[in-house]
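Structure first, commentary second.
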Amino acid sequence: MFNTAELGHKVSKSQFKEMVPALRAALLDAQATLFLEKKKSIVLLISGEDGAGKRESIGVLYEWMDPRYLSTLAFEPPSDDERERPMMWRYWRSLPPKGRIGIFAGSWYSDPIRQRIGGEISEKALEARAQQINRFEAMLVAEGAVVVKLWIHLSQDGQRKRFESLQKDPRTAWRVTPWNWERLKSYEQLRTVSSEFLRATNTHWAPWVVVEGTDERYRSLRVAQVVHAALLSAQSPSAAPMPVPAPAAEPDVDGRNVLSVLDLEQKLADGPYKKELGELQGRLSVLARDPRLQRRGLVLAFEGADAAGKGGAIRRISAALDARQFQIVPVAAPTEEERAQPHLWRFWRHMPRNGHITVFDRTWYGRVLVERVEGFCAPADWQRAYTEINDLEHELVQGGVIVMKFWLQISQEEQLRRFREREQIPFKRFKITEEDWRNREKWQAYQRAVCDMVERTSTESAPWTLVEANDKNFARVKILRTVCETLEQQLALTSTLTGSKEKEKEKEKEKEKEKEKEKEKCRSKRKPQPPAERKKKTK
């Protein structure tokens, strides 16, 4: 992909002066329209070789555009806090809202390229990462972002000359370090890996633009032109929705589904309930303090029919936990701030770090439930959401988070009884609203949506647990038991994986020791013998 960026592109000083005023005015006009309309955002990724002019390109944009509506985020190697969360967490939470431009100096491309060059991941793992990135960027575009990806390119010879030029000038010498010169030695490897990675992520919804970085004037004009084109595309009507993985599922021929086969008559008497509740809460309390959980995060996601008992189940869980260790996130209609971001953004930012627990009272499944049934989003939006949700949960699990999802199911008759009870009891009256009564009229539509949701998002790594909730005692015990059993399995797996990693580290250390021994032998053979030794042999 770099051949056309090594042709020696140049722009004369007079040509540059002639083009800049009109381009700057066009940029400012388009930027103002973007901010006023607030229909889309610009996600601008600037990557490339060291010394190619990434820093200077960002500086030009700040000089030629209104800096009030620009934000720049530079990503260094992950901090301790970031390492304790899924890899994409720090990028998720940094996305610009609609109407603004977010410039990413370093992005979700930096770590995979660095890891591949360092031999930390395989070529197959890099390809898998490329596919995950493609789906993530497709989601951003579908949610109203224009994704612009710039690679500022320098040839190896051009990079060497740039370093020498910077080092000669006392004002810029600080920008070239021994680390830069060391990186220059692996230029060919960087070129190979980045070229393949760019090819695998060069999609029609988020294409790469490679800009030659040799000539400063050419580079500045080309970057500004690409950004201007992105701003104009943000003003144009949205393109046709991307194809979805599968159409809406049809109802089952025999009427049986994952909800209809549940036995809602299961009950647990008060005596056994109190006993089991205490035992399970004690068990959960011990598990929550297990040192192995310090290397994992835990997400508990609760969905269910109105009045199914989500709040009561969550309170029984939180009673067993240290308040410093968990957070409960109640989910309502999105705020103005949240509507200016992709629909998953308001959940991304609450994901727990290692050793912590986040409980979601309603979740990211609202898009395929409430928004689908009530018509708050187009069919194409909720249909693609299945894939986006699966990708989100896959990222969480890959990042070490344990994900448990619960659907609480009750019958229509039981729901009606609980609604009437809430109306009669003063301290429960706040729980019942006109919206709850209106939702009852769409019972069948919600049931169909739940069946589709379970079918398409119950995965091996993040399965759904369907809870028969007509009897609150039975439901609470089942949920607590599931949490404890799953935690025990996952923590045991953590021990196994940790043990395997430690064994691998030990093997690596042994190999290093053997290599050092061999090197020492070679060095000792090459050492000249002391004079005394030579005399002895002569005699």
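Summary of values
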quantity	calculated
Part-to-part distance (alpha-carbon centres) for segment 113-127 and segment 142-203, which is given in Å	18 Å
Sequence-separation-based contact order of the chain, relative, with Cα cut under 8 Å and 6+ spacing, percent	18 percent
Phi to ³J(HN,Hα) by Karplus 6.51 cos²θ - 1.76 cosθ + 1.60 over segment 284-297, Hz, x for Gly, Pro	5, 4, 5, 4, 5, 9, 5, x, 5, 6, 5, 9, 9, x
Nearest-10 value in Å² for the accessible area of ASP111, using the 1.4 Å probe	20 Å²
Amide H contacts of GLY48 (H built 1.01 Å from N, under 5 Å, at least 5 apart or other chain)	ILE152
Value in Å of the Kirkwood radius, where segment 78-228 supplies the Cα pairs that are averaged	17.4 Å
Helix 156-168 axis, angle to the chain major axis (alpha carbon atoms, nearest 10°)	80 degrees
FRET efficiency, 1/(1 + (r/R0)^6) with R0 56 Å, evaluated for LYS168 and PHE376 via beta carbons	0.40
On Cα atoms only, tilt of 123-142 relative to the major axis of the chain in degrees	60 degrees
THR387 - accessible surface, heavy atoms, 1.4 Å probe, Å² rounded to 10	40 Å²
Summed side-chain charge close to ALA138 - residues other than ALA138 whose Cβ falls under 11 Å, Lys, Arg +1, Asp, Glu -1	-2
Alpha-carbon Rg/Rh ratio, for the chain, with Rh computed the Kirkwood way	1.07
Extended-chain gain in nm, criterion 0.36 nm per residue less alpha-carbon gap, HIS204 and LYS267	17.2 nm
Percent RCO, i.e. relative contact order, over segment 330-454, from Cα pairs under 8 Å lying at least 6 residues apart	25 percent
Mean separation of Cα contacts under 8 Å, 6 or more apart, over the residue count of segment 1-159: relative contact order %	39 percent
Cα centroid of segment 430-457 to Cα centroid of segment 340-413, whole Å	16 Å
Sequence of ARG191, ARG296, ARG83 when ordered by accessible area, the most exposed leading, probe 1.4 angstrom	ARG83, ARG191, ARG296
Per-pair calculated FRET efficiency, R0 = 35 Å: GLU337 and PHE2 via Cβ, rounded to 0.05	0.30
Out-of-range pairs (alpha-carbon distance over 27 Å; input LYS54/LYS161; LYS98/LYS431; LYS39/LYS442; LYS13/LYS185; LYS149/LYS405; LYS98/LYS149)	LYS98/LYS431; LYS39/LYS442; LYS13/LYS185; LYS149/LYS405
Efficiency of FRET between THR465 and ASP80 - r from beta-carbon atoms, R0 35 angstrom, step 0.05	0.60
Per-residue HN-Hα couplings for segment 80-90 [Karplus 6.51, -1.76, 1.60; θ = phi - 60°; Hz; x = Gly/Pro]	4, 5, 6, 5, 8, 10, x, 4, 7, 4, 5
Under-5 Å amide H pairs with ALA301, H placed in peptide plane, nonlocal only	PHE360, MET404, LYS405, PHE406
Expected-Rg normalisation [2.2 N^0.38 Å, Cα atoms] applied to segment 295-365	1.16
Solvent-accessible area of LYS185 with every protein chain in place, 1.4 Å probe, in Å² to the nearest 10	150 Å²
Cα long-axis angle, helix 412-424 against the chain (0 to 90 degrees, to the nearest 10)	80 degrees
Residues whose placed amide H lies under 5 Å from that of ALA145, excluding near-sequence neighbours	SER41
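The values are calculated or read from the model by the stated rules, or taken from the named source; none is laboratory data. A quick note: this is a predicted structure, and the numbers were derived from the prediction, not measured. Note that each Cβ is placed from the backbone with ideal geometry, even for glycine, and that neighbours are counted across all protein chains shown. Remember, those area values only see protein heavy atoms, side chains included, never the ligands or the DNA or RNA. Shrake-Rupley method; radii C 1.70, N 1.55, O 1.52, S 1.80 Å.
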